[in-house]
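Have a look at this one before I ask anything.
The values are calculated or read from the model by the stated rules, or taken from the named source; none is laboratory data. Source: prediction; values computed, not measured. Methodologically, a virtual Cβ is constructed for each residue, glycine included, from the backbone with ideal geometry; neighbour enumeration extends over all protein chains shown.
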């Protein structure tokens, strides 16, 4: 059950937020406070995952409350309620990771919508954490099968990465190195790692902390490789993870380079096979769901690849653009329905994914040269 803390000094509004939504029905436990200080005490005691707070309150403001709760060092999503006059002030809170702003006056369903969106993000993050845990176990298990020295604490450091390195900068660092590993040459990978380690030295990071950062990067790299459709078990069998002496930055640097070069070699050698598998899966989805309004972007998201990458790959493999491929499937199906069924035009349109029958008729005429009704009327003549 997700805990939601509502903090609002207007008692009638607070009562409305609490009572006008069937929170339990949607599996939420609701806590309420009529001022910021009480809200903080409740947050400290119950660690609610979602904090909804008015921005303007007499004791401490909503922004001050969010800052105080941030200091409790647990993960939550803040949502701010504000009147029009305070809206610009509320926008200044963007650096506090405020999820969304609700402008007064608002209806209860609006609050529920925003809370549901926040919950979806929390659950997505939890699934990602669970996936990372499984990945840790898989990599650790692979280590134990090898003759190399196994680091029992690999990916199991207790230290909080955020205490060592700014999280935003770490993500940029990881994305940068993975892009280089995925598409770069050997000298580019070496150069990128050396650049990263120069940054570590400049920040005067301790060896232990460097190890934690590197291990977290490796974990995310493995996850991204898996997300790109590569077989992780096969990858772990075919690369030499190796080991390093845990006594110098230089040793970690060299080991990291060797591992990334192994990964790069594997991805390069298996790229054609992986791309073929990806397009096979994409084509299957399109044939099954072309009438459901699927887009290139939605499919790219499903397989964790960029739209531009998938578009290029799709064209290379199918020798036709994505939009034309979809149009071709829709056209063949609509012709078939016009020929063998007595469906009305709007029913044919709906069957192939067009909500607007007038747009379907216009589209069909553009493709065939005849309107759907004329095509049906003259179908025998056309086929002859």
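Go through (1) assigned to a loop (DSSP other than H, G, I, E, B); (2) buried (at least 20 other Cβ atoms within 10 Å of the Cβ); (3) modelled with pLDDT under 90 and name the single condition residue 73 misses.
Residue 73 satisfies all of (1) assigned to a loop (DSSP other than H, G, I, E, B); (2) buried (at least 20 other Cβ atoms within 10 Å of the Cβ); (3) modelled with pLDDT under 90 except (2).
Let's see how each residue does on (1) loosely packed, with under 14 Cβ neighbours inside 10 Å; (2) within 21 Å of residue 225 (Cβ to Cβ); (3) out of contact with any strand residue (DSSP E or B) (no Cβ under 9 Å at 6 or more places or on another chain); (4) at pLDDT 85 or above:
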{"site": "254", "(1), (2), (3), (4)": "no, no, yes, yes"}
{"site": "260", "(1), (2), (3), (4)": "no, yes, yes, yes"}
{"site": "263", "(1), (2), (3), (4)": "no, yes, yes, yes"}
{"site": "275", "(1), (2), (3), (4)": "no, yes, yes, no"}
{"site": "278", "(1), (2), (3), (4)": "no, yes, yes, no"}
{"site": "282", "(1), (2), (3), (4)": "no, yes, yes, yes"}
{"site": "286", "(1), (2), (3), (4)": "no, no, yes, yes"}
{"site": "299", "(1), (2), (3), (4)": "no, yes, yes, yes"}
{"site": "307", "(1), (2), (3), (4)": "no, yes, yes, no"}
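Give the residues of region 364-373 that are without any contact (Cβ under 8 Å) to a residue 12 or more places away in the chain, part of a helix (DSSP H, G or I) and either surrounded by 14 or more Cβ atoms within 10 Å (Cβ to Cβ) or in contact with a strand residue (DSSP E or B) (Cβ under 8 Å, 6 or more places away or on another chain) (or both), sorted by residue number.
Listed by number, the list holds a single entry, 365.
Based on what the data block shows, is residue 22 outside any helix (DSSP H, G or I) and modelled with pLDDT of 90 or more?
yes
Another question, if that's okay. Could you please let me know if residue 290 is more than 25 Å from residue 224 (Cβ to Cβ), surrounded by 14 or more Cβ atoms within 10 Å (Cβ to Cβ), without any contact (Cβ under 8 Å) to a residue 24 or more places away in the chain and in contact with a helix residue (DSSP H, G or I) (Cβ under 8 Å, 6 or more places away or on another chain)?
no
Here's a follow-up. In region 325-363, what count of residues is obtained for those that are without any contact (Cβ under 8 Å) to a residue 12 or more places away in the chain and more than 25 Å from residue 295 (Cβ to Cβ)?
5
Confirm whether residue 92 is modelled with pLDDT under 85, farther than 30 Å from residue 220 by Cα and not assigned by TED's automatic domain parsing to the domain that holds residue 221.
For residue 92, the condition - modelled with pLDDT under 85, farther than 30 Å from residue 220 by Cα and not assigned by TED's automatic domain parsing to the domain that holds residue 221 - is met.
Of all residues being at pLDDT below 80 and over 12 Å from residue 139 (Cα atoms) in region 216-233, which is surrounded by the fewest Cβ atoms within 10 Å (Cβ to Cβ)? Just the residue, please.
The residue in question is 227.
Out of all the residues in region 26-64, which are within 16 Å of residue 14 (Cα to Cα) and out of contact with any helix residue (DSSP H, G or I) (no Cβ under 8 Å at 6 or more places or on another chain)?
If the condition is that a residue be within 16 Å of residue 14 (Cα to Cα) and out of contact with any helix residue (DSSP H, G or I) (no Cβ under 8 Å at 6 or more places or on another chain), then 29, 35, 37, 38, 42, 58 are the ones that fit.
Next question, about the same structure. Does any residue of region 351-360 turn out to be touching a helix residue (DSSP H, G or I) at 6+ places or on another chain (Cβ under 6 Å), on the phi > 0 side of the Ramachandran plot and surrounded by 15 or more Cβ atoms within 10 Å (Cβ to Cβ)?
yes
Could you give every pair whose Cβ atoms fall below 8 Å, whose first residue belongs to region 166-178 and is more than 15 Å from residue 188 (Cα to Cα) and assigned by TED's automatic domain parsing to the domain that holds residue 220, and whose second residue is part of a helix (DSSP H, G or I) and at pLDDT below 80, counting only separations of at least 6 or pairs across chains?
Hits for this filter: 167/161; 170/161.
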